[in-house]
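**Q** Following this message is one structure expressed as structure tokens.
Where a number appears in this text, it was derived from the coordinates with a stated rule and is not lab data. Please read all numbers here as calculations on a predicted model, not as lab measurements. Counting neighbours? That spans all protein chains shown, and the Cβs are built from the backbone with ideal geometry, glycine included.
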Amino acid sequence: MSDETTTLAQLRRQIAHFVAARAWETYHTPKNLSVAIAIEAAELMEHFLWLSPEQAAAAMEDPRRRAAVVDELADVLIYALSMANALGTDVSEAVRTKLARNEQRFPPDQWRGRARGVDDASVGTTG
């Protein structure tokens with residue numbers, strides 16, 4: 001199944017079933033899941049440590065290296081969706097709300113081609 005045919009709700013149910021089948025609900029607390037997300041994100045970053053942007057792009061042309069990165073990305077997403085399950089939050093609504101807030105914070109006419117933290121204009125802003 002692809003992103004075009006799979007819903008977030010389907011993925012969340014599949015993850016919830018996986019967790020329930022192993023009786024892991026006790027461990028899937030917001031605190032533990034937030035730590036797990038951070039750890040998996042660090043493992044994702046590790047694949048690119050010390051590489052230049054060009055080397056990182058080239059590394060993703062290697063099927064083995066790309067598969068390892070995709071596995072880490074999947075871990076981050078699984079834990080993020082597990083966190084949504086644990087919090088009982090609607091992911092689609094959360095993303096839409098955050099994007100709307102970011103639309104106000106980062107108007108395209110002021111931020112096009114600029115990165116927060118790189119330009120002086122972003123000093124003192126918070127996430």
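**Q** Restricting attention to the range 65-106, which trypsin sites (Lys or Arg not before Pro) occupy a DSSP loop and are surrounded by at most 16 other Cβ atoms within 10 Å?
**A** Answer in residue order: no site qualifies.
**Q** May I pose another question? Please go through the range 4-67 and write out the GluC sites (Glu not before Pro) that DSSP classes as loop and that have at most 14 other C-beta atoms within 10 Å.
**A** Counting only loop positions with at most 14 other Cβ atoms within 10 Å, the GluC sites (Glu not before Pro) in the range 4-67 are GLU4, GLU25, GLU61.
**Q** What residue among TRP50, TRP111, TRP24 shows peak mean-square fluctuation when the chain is described by a Gaussian network model with Cα springs under 10 Å?
**A** Evaluated over the chain, the most mobile residue of the options is TRP111.
**Q** Further question: If you take the Cα Rg of the chain and divide it by 2.2 N^0.38 Å, with N the number of residues, what do you get? Could you put the intermediate results ahead of the total?
**A** Details: Rg = 17.8 Å, N = 127, 2.2 N^0.38 = 13.9 Å.
Here the Cα radius of gyration is 1.28 times the empirical estimate.
**Q** To test your reading of the geometry: what angle, between 0 and 90 degrees and rounded to tens, separates the Cα axis of helix 8-21 from the longest principal axis of the chain?
**A** 50
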